[in-house]
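Worksheet for the structure shown next.
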Amino acid sequence: MVIFNLGNMARPFFEGYVAFKFLEFGSMDNPLSSLILDPVKRELARKFMHHYSHTHSHGGGMKLPDMAEARKAVTAILEGIERHNPVHFAALRDAA
């Protein structure tokens, strides 16, 4: 299955968590460093959220993410949230 706007969903999800937990708005670099400790996974998640979060423009909306890359990026984000706050993550998982 291909989710065309996965990057556009990942970024607001991450930004919402960061705004709620860190009261930080704007740059996601500092929160990313706190949530995703592995620098390779962190850079993958950062690039994924930046590159694929512009589905309202012709360029961003026409690019389909590589699903293996997308899976790794989203997994890194979710694992970072789970490591940072297991109780919050469990509540998110149970609400799904």
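The values are calculated or read from the model by the stated rules, or taken from the named source; none is laboratory data. Source: prediction; values computed, not measured. In this analysis, Cβ positions are derived from the backbone assuming ideal geometry, glycine residues included, and neighbour counts consider all displayed protein chains. The protein model used for the area step is the full one, side chains on, heavy atoms only, and it has no ligands, DNA or RNA in it. Shrake-Rupley method; radii C 1.70, N 1.55, O 1.52, S 1.80 Å.
Structure summary
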read-out: Where a residue in the range 21-38 is more than 15 Å from R83 (Cα to Cα) and its partner, wherever it lies, is assigned to a loop (DSSP other than H, G, I, E, B) and not β-branched (V, I, T), with Cβ under 7 Å and at least six apart; value: N30/E24
read-out: Number of positions in the range 9-28 that are part of a loop (DSSP other than H, G, I, E, B) and at negative phi; value: 4
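Residues are listed down the side, and each one gets a yes or a no for (1) open to solvent by 70 Å² or more (accessible area, probe 1.4 Å); (2) at pLDDT below 90; (3) at positive phi:
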| site | (1), (2), (3) |
| --- | --- |
| N30 | yes, yes, no |
| L37 | yes, no, no |
| G61 | no, yes, no |
| I77 | no, no, no |
| R93 | yes, no, no |
